[in-house]
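Notes follow once the structure below has been shown.
What follows is calculated from the coordinates using simple rules that are stated; it is not laboratory data. Since the model is a prediction, treat every value here as computed from it, not as a measurement.
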Amino acid sequence: MRERLWRHWPEYLMEAAGLGLFMIVAAACASILEHPASPVRQALSNPLLRRALMGLAMGATSIALVYSPMGARSGAHLNPATTLTFYRLGRVHGVDAAAYVAAQCAGGMSGIAIAALLLSPWIAAPSVHYVATLPGPWGASAALGAEVAITFLLMSVVLHVSNHARWSRYTGLCAGALVCAYITFEAPVSGMSLNPARSLGPAMLTHEFDTLWIYGAGPLIGMLLAAEAFVRGPGAHAVRCAKLHHHTAARCIFHCRFGAHQS
């Protein structure tokens, strides 16, 4: 175990840094688009339009992280639910899975803490609220159901596209497009988390822990259900790797069926 941790610590650090960057960008974009003193917010009164712009920004950020040298090497999970789903599918070693989850949580908390320092006091305004994910007016049950649904669809797309010989290189683009659509249309229902570590960071600052379970259980249930559906269809053997982008010379630390650059 110790040897594996020592050999793979760069990938763990990349996962933390990736989600940290995502949180900083999210907080910055939310401050620009939603703070009442922002000229952008004053110019754009339509909340759907503001969410669409937020979706474009975060979808583009997700795509950039997947295809960056950092994401190409770590696999760009950036999400404990994603890592644990690939562990369920037999593509991630248990030690790496635990280390990835710890790194992702650390990255989410560190990223929003840095954003809080850089963007104070705007980030604390009620309209920005540290980009915390909270249930919408339909309540916790609707938020949970929405999180299960959007993560089920996301992981289903990732599994089918990433394991298709012709389309695999477009996995990051598909994931980013879904992030964009979810923020635009689904965010009013659940806050659009998809990611337990993404929700944990803001909760540590707002101390709103009573609904945090939704953003732990929902994404994990949704992605595991997608994995189960894939296993009953193409089969677990059809999952070639845990990376979202494998068209790279970067080493792969997973149980990879591509056979190259493994470590």
Helix-only [θ] at 222 nm, the chain, -39500 (n - 2.57) per DSSP H run of 4+, per residue, nearest 500, equals -21500 deg cm²/dmol
Under the Karplus relation with 6.51, -1.76 and 1.60 and θ = phi - 60°, whole-Hz ³J(HN,Hα) for segment 42-59, x at Gly and Pro, equal 5, 7, 10, 7, 7, x, 5, 5, 5, 5, 5, 5, 5, x, 4, 5, 7, x
Mean-square fluctuation maximum in Gaussian network of the chain, Cα pairs under 10 Å, restricted to Y12, Y130, Y170, hits Y170
Check: C-alpha center segment 1-50 vs C-alpha center segment 191-214, spacing in Å is 14 Å
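Return the Rg/Rh ratio of segment 2-238 with Cα-based radii and a Kirkwood Rh.
Result for segment 2-238 is an Rg/Rh of 0.96.
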Applied in sequence order to segment 159-165, the curve 6.51 cos²θ - 1.76 cosθ + 1.60 (Karplus, θ = phi - 60°) yields integer Hz couplings, x standing for Gly and Pro, of 5, 6, 6, 5, 9, 9, 4
Taking alpha-carbon centroids only, segment 160-180 lies from segment 119-140 a number of Å equal to 30 Å
Between C252 and residues 5 or more places away or on another chain, the pairs with built amide H atoms under 5 Å apart involve Q262, S263
Karplus ³J(HN,Hα) for segment 77-92 (6.51 cos²θ - 1.76 cosθ + 1.60, θ = phi - 60°; Hz, whole; x = Gly/Pro) runs 5, 6, 7, x, 5, 5, 4, 5, 5, 5, 5, 4, 7, x, 9, 10
Among R91, R198, R41, the residue with the largest mean-square fluctuation in a Gaussian network model of the chain built from Cα contacts under 10 Å is R41
Mean-square fluctuation maximum in Gaussian network of the chain, Cα pairs under 10 Å, restricted to L244, L173, L154, hits L173
